[in-house]
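See below for the structure under consideration.
The values are calculated or read from the model by the stated rules, or taken from the named source; none is laboratory data. Quick caveat, the model's predicted, so the values are computed rather than measured. Backbone-built Cβ (ideal geometry, glycine too); neighbour counts: all protein chains shown. Surface areas here come from the heavy atoms of the whole protein model, side chains and all, with no ligands, DNA or RNA. Shrake-Rupley method; radii C 1.70, N 1.55, O 1.52, S 1.80 Å.
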Amino acid sequence: MSLLSLNNVTIRFGGLTAVGNLTETFEQGSLSGIIGPNGAGKTTVFNVITGVYDPTEGGITFGGRDIVPLKPYQIANVGIARTFQNIRLFGGMTVSDNIRVAFNNNAKSGLFASVVQLFNYQREEENYHKQIDHLLDMFGMLDKRNEMAKNLNYGDQRRLEIVRALACKPKLLLLDEPAAGMNPTEKQELMKLIRYIRDTFNIAIILIEHDMKVVMGICERITVLDYGHKIAVGTPDEVKANPKVIEAYLGEPTH
Amino acid sequence: MNKVARPYLFLLLGIIIAFGLSAWADGINPYDQRIVMSIGINMILAASLNLINGFTGQFSLGHAGFMSIGAYGAAIFTTMIAPGMLGEVAGTGMQDVALFMGLLFGGIISALIGVLVGIPSLRLKGDYLAIVTLGFGEIIRVIIQNIPSLGGSLGIANIPRYTTFFWVFFIVAIVVFFIQQLTKSTYGQGFLAVRDDEIAAEAMGVNTTRYKVEAFVIGAFFAGVAGGLYGHYNELIRPADFDFLKSVEIIVMVILGGMGSTYGVLFAAALLTYVPEFLRGFELFGVKFDSFRMSIYSLILIILMLTRPQGLFGGINFKKLMKVGRKSVVGNQ
C-alpha cells in the first residue's frame with residue numbers, strides 16, 4: 001500500500017482551477033519530485049496535502065487514513081512535515097526552541113505540569129534537549145543552538161527549517177523549493193543532505209524544485225504539473241524526453 | 001536539580017519581598033501606599049496582558065474589561081456571598097479567606113469571558129482583533145453601567161478593604177512564576193510559535209486554536225484577580241475606572257517594557273505608575289512640573305519609543321548574553 005495517495009484532487013479558487021483531477025501515489029521511503037512552470041499549482045498541492053486548503057473535490061489518504069477532514073496540526077501529528085518556499089522560522093526564538101516546538105505535540109506535560117515543572121517534566125525535558133542536540137549535531141548546527149533564528153544566515157535558515165520538520169518525526173517530508181537562493185556548492189551539499197535524510201530517517205520525501213540539476217540528480221520519480229494538471233510522470237530520464245514536458249517549459253515547436 | 005530549584009527560589013524570594021513590603025507599608029503615608037499598591041496591581045495586569053500580546057502575539061485592547069469583570073465579581077462575592085457563607089469576617093483572619101475566594105471567583109468569571117473573547121481571535125488577527133477586543137471592553141463597561149443592581153455608573157461603594165501589600169505582591173510573584181515557567185517550558189513554546197508564525201506553527205503540529213484561547217483565559221484570569229485586588233483596596237469601583245484608557249495604559253506598559261519580556265514589563269509597570277506621581281512634586285529651577293506633568297510623561301514615552309522601539313528589555317537574547325545556556329549534551333566536535 002502506498003504511503004500517500006491523492007485521488008482526483010481538484011482545488012478551485014473561484015473560477016480558477018489551481019489543481020485539476022490530480023491522481024498520484026507516493027511510496028514509503030521514496031524520493032519524488034514535483035516540477036512544473038511557475039503557477040503550475042505545485043505549492044497548492046503541498047498546501048492541500050498539509051490541510052492548509054481543503055480539496056474542492058477528491059480525496060487524500062495517508063497510510064490508508066483519510067486526512068481531508070483533519071486540521072493542519074492534526075495532519076502534522078499523523079506524520080507529514082513540511083518546509084516552506086519562503087522560509088517560515090520562528091524568528092524571535094532560538095534555534096533550539098524552534099525545534100522544541102516540534103515536541104509540543106507529543107509532550108505529556110500539559111499546561112499545569114509545565115508550570116510546576118517537577119517530577120516527570122524534568123525527565124521529559126532532558127530527553128527533548130538530548131534529541132535537539134543530537135539533531136543539531138547531525139546537521140552541524142550545534143554551535144548555533146542559542147542563536148536567534150532570524151539572525152542565522154540564509155543557508156542555515158533553510159537547514160534549520162528542515163531540521164525542525166524532522167523533529168516532528170514525520171513519515172513524509174515535503175520540501176518546498178529547498179534549493180531556492182542557493183549557490184552551486186550549497187546546492188551540491190543540499191542534494192547530499194536530502195539523500196542522507198532519506199537514508200538515515202527512512203522517510204519518504206517529496207520536493208518541489210525549479211533547479212533541474214537538483215531534481216534530476218536526486219529524485220527517483222518526477223511528477224510534472226502544468227496549469228494544475230499532471231502532464232507527465234516517470235523517472236528523470238523519461239520526463240526529460242517527454243515532448244509534453246518540453247512543450248510546457250519551452251513552448252510549442254513552430255514548424 | 002539546580003535548574004528545578006531556581007525558579008522556586010525566585011518564587012520564595014518574591015513571597016519574602018511581599019512580606020517585607022507588607023511590614024514596611026504600615027509605616028508609610030497613605031499617598032505612598034497607594035502608589036506602591038498601584039504599582040503591584042499594574043504589574044499583575046501588565047504581566048498577564050504580556051502573555052496575550054507579547055508571548056502569543058494576539059493584540060488585545062480589552063484588558064480593562066477583564067479587570068472590571070474580576071473587580072465586580074470579587075466585590076459581589078465579598079459583600080453579598082461571603083457574609084452568608086463565612087459570617088462576619090471583617091477584622092478577623094477570615095477576611096483573607098474571603099478575599100482569596102473573592103479573587104478566585106472574580107478571576108474565574110473573567111476567565112470564562114476570556115473564552116468568549118478568545119474565540120473571535122481564532123479568525124481575526126492584528127488590527128482587526130484589536131478592534132474586536134476594544135469593542136468587547138466597551139461592551140462590558142456599558143453593560144455594567146446599565147445594571148442597577150451593580151450600582152450603574154455609580155458603581156459599588158463600601159467594598160471592605162481586604163487587600164494588603166502582602167496579597168498584591170504575593171500575587172505578583174505567583175503571576176511572574178506562572179508565566180515565566182510556562183513560557184520557558186516545551187509546552188509553552190507553542191505560544192511563542194503562534195506569535196512568530198501561525199502557519200508554520202500549525203505545520204509543526206501546534207494546535208494554534210487551543211493556545212490562543214488558553215492565552216486569553218490565563219490572561220483574563222489574572223486580570224480579573226488584579227481587578228479584585230483593586231476593588232478591595234479602592235473600596236469603590238465604577239465602570240469609568242475600567243475604560244479604554246485603562247486598557248491603553250496597560251498596553252503601553254507591555255510595549256514599553258518589551259513584548260514578551262516579563263521582567264521588562266514589570267519594570268515598565270513600576271516606572272509608568274511612578275513617573276506621573278513623581279513629577280507631581282518635581283521642581284527644576286523653580287519651575288513646578290505639576291501642571292504639565294502629563295506632557296512630560298508623554299514626552300518620556302515618545303523618547304523611549306524612539307530610542308528603543310523594541311521596548312526597554314525587548315530583543316535581548318539573555319541566554320546568549322549571559323552564556324548560561326545549557327551545556328551541550330553531545331558536545332561540540
Scanning the stretch A:94-108 for residues that are within 7 Å of chain B (Cβ to nearest Cβ) and among the small types (Gly, Ala, Ser) gives A:ALA102, A:ALA107
Can you name the residue in the stretch B:239-262 that is charged (D, E, K, R) and under 13 Å from the mean Cα position of the chain (by Cα) and, of all such residues, is nearest to B:PHE313 (Cα to Cα)?
B:GLU249
Without any contact (Cβ under 8 Å) to a residue 40 or more places away in the chain and within 17 Å of the chain's Cα centre (by Cα), is that true of A:ARG159?
yes
Within the stretch A:45-72, considering residues that are among the polar types (S, T, N, Q) and in contact (Cβ under 8 Å) with a residue 12 or more places away in the chain, the one least open to solvent (accessible area, probe 1.4 Å)
A:THR50
Just to check your reading of the model, which residue among A:ILE99, A:ILE132, A:ILE75 is outside any loop (DSSP other than H, G, I, E, B) and touching a strand residue (DSSP E or B) at 6+ places or on another chain (Cβ under 9 Å)?
A:ILE75
Give B:ALA46, B:ALA75, B:ALA18 a once-over and let me know the one that is open to solvent by less than 10 Å² (accessible area, probe 1.4 Å), within 18 Å of B:PHE177 (Cβ to Cβ) and over 15 Å from the mean Cα position of the chain (by Cα).
B:ALA18
Inter-residue pairs, beta-carbon under 8 Å, first farther than 23 Å from B:LEU279 by Cα and in the stretch B:20-43, second hydroxyl-bearing (Ser, Thr, Tyr), 6+ apart
B:SER22/B:THR164
Taking the condition of being of a type outside the set (Phe, Trp, Tyr) and open to solvent by 40 Å² or more (accessible area, probe 1.4 Å), how many residues in the stretch B:253-283 meet it?
7
Pairing a residue in the stretch B:156-167 that is within 11 Å of B:GLY228 (Cα to Cα) with any residue that is open to solvent by less than 10 Å² (accessible area, probe 1.4 Å) and among the β-branched types (Val, Ile, Thr), where Cβ atoms lie under 8 Å and the two sit 6 or more apart in sequence or on different chains, gives B:ILE159/B:THR78; B:ILE159/B:ILE237; B:TYR162/B:THR78
Can you tell which of A:ILE11, A:ILE75, A:ILE99, A:ILE35 is outside the structural domain of A:VAL245 (by TED's automatic domain parsing), touching a residue at least 12 places away in the same chain (Cβ under 8 Å) and of a type outside the set (Lys, Arg)?
A:ILE99
What's the number of the condition B:ILE143 fails, among (1) part of a loop (DSSP other than H, G, I, E, B); (2) among the hydrophobic types (A, V, I, L, M, F, W, C); (3) open to solvent by 30 Å² or more (accessible area, probe 1.4 Å)?
(1)
For B:GLY258, are the conditions met, namely being touching a residue at least 40 places away in the same chain (Cβ under 8 Å) and on the phi > 0 side of the Ramachandran plot?
yes
I'd like the full set of residues that are within 22 Å of A:GLY91 (Cβ to Cβ), under 21 Å from the mean Cα position of the chain (by Cα) and surrounded by fewer than 20 Cβ atoms within 10 Å (Cβ to Cβ), limited to the stretch A:136-146.
A:PHE139, A:GLY140, A:MET141
The one condition in (1) more than 30 Å from A:GLY14 (Cα to Cα); (2) more than 14 Å from chain B (Cβ to nearest Cβ); (3) open to solvent by 30 Å² or more (accessible area, probe 1.4 Å) that A:LEU31 fails to fulfil
(3)
Has the stretch B:239-249 got at least one residue that is more than 14 Å from chain A (Cβ to nearest Cβ) and modelled with pLDDT under 90?
no
Would you say B:THR208 is within 10 Å of another protein chain (Cβ to nearest Cβ) and either open to solvent by 20 Å² or more (accessible area, probe 1.4 Å) or within 19 Å of the chain's Cα centre (by Cα) (or both)?
no
Of the residues A:GLY234, A:GLY181, A:GLY228, A:GLY251, which is out of contact with any strand residue (DSSP E or B) (no Cβ under 8 Å at 6 or more places or on another chain), open to solvent by less than 40 Å² (accessible area, probe 1.4 Å) and among the small types (Gly, Ala, Ser)?
A:GLY251
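For every residue, the table says whether it meets (1) of a type in the set (Lys, Arg); (2) outside the structural domain of A:TYR196 (by TED's automatic domain parsing); (3) more than 22 Å from B:ILE199 (Cα to Cα).
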{"position": "A:VAL19", "(1), (2), (3)": "no, no, no"}
{"position": "A:THR23", "(1), (2), (3)": "no, no, yes"}
{"position": "A:PHE26", "(1), (2), (3)": "no, no, yes"}
{"position": "A:ARG65", "(1), (2), (3)": "yes, no, yes"}
Residues that are open to solvent by 10 Å² or more (accessible area, probe 1.4 Å) and free of Cβ contacts under 8 Å to residues at least 60 places away in the same chain, drawn from the stretch A:81-93:
A:ASN86, A:GLY91, A:GLY92
Restricting to the stretch B:26-38, give me the number of residues that are surrounded by fewer than 21 Cβ atoms within 10 Å (Cβ to Cβ) and touching a Ser or Thr at 6+ places or on another chain (Cβ under 8 Å).
2
Which one of A:LYS192, A:LYS244 is open to solvent by 90 Å² or more (accessible area, probe 1.4 Å), out of contact with any strand residue (DSSP E or B) (no Cβ under 9 Å at 6 or more places or on another chain) and either free of Cβ contacts under 8 Å to residues at least 40 places away in the same chain or not assigned by TED's automatic domain parsing to the domain that holds A:GLU57 (or both)?
A:LYS192
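Residue by residue, here is whether (1) within 18 Å of the chain's Cα centre (by Cα); (2) within 14 Å of another protein chain (Cβ to nearest Cβ) holds:
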{"position": "A:PHE13", "(1), (2)": "no, no"}
{"position": "A:LYS42", "(1), (2)": "yes, no"}
{"position": "A:TYR53", "(1), (2)": "yes, yes"}
{"position": "A:ILE60", "(1), (2)": "yes, no"}
{"position": "A:PHE90", "(1), (2)": "yes, yes"}
{"position": "A:GLY110", "(1), (2)": "no, yes"}
{"position": "A:PHE119", "(1), (2)": "no, yes"}
With respect to A:ARG164, is the statement that it is open to solvent by less than 80 Å² (accessible area, probe 1.4 Å), basic (Lys, Arg) and over 18 Å from A:GLY33 (Cβ atoms) true?
yes
